[in-house]
Amino acid sequence: MAMFVGEYKHTIDEKGRLTIPAKFRNDFESGLYVTCGLDQCLWVFTRDGWERFSEKLASLPTGLANTRTLTRFFFSQASDAIPDRQGRILLPDNLRAFANLAEGATIIGANDKVEIWQPDRWDAFKAEQQANLAAIAEELSSFGI
């Protein structure tokens with residue numbers, strides 16, 4: 001299973017292509033899936049990671065409206081891609097609009113997936129959450145954090 005770490009700034013070209021950081025490219029050689037994530041960012045999964053994510057969603061009870069909503073949301077907005085020789089992928093219009101991406105993006109490793117953020121939004125989110133890290137860790141301590 002791939003593990004992604006780090007923070008990278010990249011541009012989005014006039015055709016909507018984003019370069020995947022060199023450190024992540026080997027994990028995405030066989031392809032990837034991009035979808036809307038939480039907190040107005042995009043989630044990028046390896047093919048195996050997407051399969052595991054899909055299985056988790058499929059294991060939820062479909063009788064619950066929230067299960068159906070999440071499944072519809074993540075799958076209807078998803079796009080699959082194979083990076084080109086320069087490591088670029090095309091971000092479809094719907095995904096760029098969702099994450100408010102124009103000329104640049106901050107790409108972060110988030111353990112089993114990569115997240116793509118609008119740079120100012122990521123900087124604000126990171127600054128806000130850094131002030132809360134101790135409280136967050138304390139709240140999650142019962143989970144072994």
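The values are calculated or read from the model by the stated rules, or taken from the named source; none is laboratory data. Just so it is clear, the structure is predicted and the values come from calculations on it, not from any experiment. Every residue, glycine as well, gets a Cβ built from its backbone with ideal geometry; the counts of neighbours run over all protein chains shown.
As a summary of the residue check, residue 9 satisfies the conditions (1) in contact (Cβ under 8 Å) with a residue 60 or more places away in the chain; (2) assigned to a loop (DSSP other than H, G, I, E, B) except for the one numbered (2). Here residue 89 fits the description: closer than 13 Å to residue 17 by Cα, assigned to a strand (DSSP E or B) and not charged (D, E, K, R). Just wondering, is there one or more residues in segment 47-69 that are of a type in the set (Phe, Trp, Tyr) and under 20 Å from residue 13 (Cβ atoms)? No - not one qualifying residue is present in segment 47-69. Residues that are among the hydrophobic types (A, V, I, L, M, F, W, C), assigned to a strand (DSSP E or B) and closer than 27 Å to residue 5 by Cα: does segment 66-76 have at least one? No; the residues of segment 66-76 include none that is among the hydrophobic types (A, V, I, L, M, F, W, C), assigned to a strand (DSSP E or B) and closer than 27 Å to residue 5 by Cα.
Could you pull out the residue among 46, 62, 71 that is among the β-branched types (Val, Ile, Thr), farther than 19 Å from residue 116 by Cα and in contact (Cβ under 8 Å) with a residue 12 or more places away in the chain? The unique qualifying residue is 71.
Can you confirm whether segment 58-69 contains a residue that is modelled with pLDDT of 95 or more, surrounded by fewer than 15 Cβ atoms within 10 Å (Cβ to Cβ) and touching a Lys or Arg at 6+ places or on another chain (Cβ under 6 Å)? No, because not a single residue in segment 58-69 is modelled with pLDDT of 95 or more, surrounded by fewer than 15 Cβ atoms within 10 Å (Cβ to Cβ) and touching a Lys or Arg at 6+ places or on another chain (Cβ under 6 Å). Looking across segment 1-15 at every residue that is surrounded by 16 or more Cβ atoms within 10 Å (Cβ to Cβ) and in contact with a helix residue (DSSP H, G or I) (Cβ under 9 Å, 6 or more places away or on another chain), the one that is farthest from residue 113 (Cα to Cα) is identified as 12.
Does residue 33 count as under 17 Å from the mean Cα position of the chain (by Cα), outside any loop (DSSP other than H, G, I, E, B) and farther than 21 Å from residue 126 by Cα? Yes; evaluated as a whole, the condition is true for this residue. Scanning segment 96-145 for residues that are of a type in the set (Val, Ile, Thr) and either in a helix (DSSP H, G or I) or within 21 Å of residue 25 (Cα to Cα) (or both) gives 106, 107, 108, 114, 116, 136.
Output yes when any residue across segment 84-93 is in contact (Cβ under 8 Å) with a residue 60 or more places away in the chain and buried (at least 19 other Cβ atoms within 10 Å of the Cβ), and no when none is. Yes, there is a match, as at least one residue in segment 84-93 is in contact (Cβ under 8 Å) with a residue 60 or more places away in the chain and buried (at least 19 other Cβ atoms within 10 Å of the Cβ).
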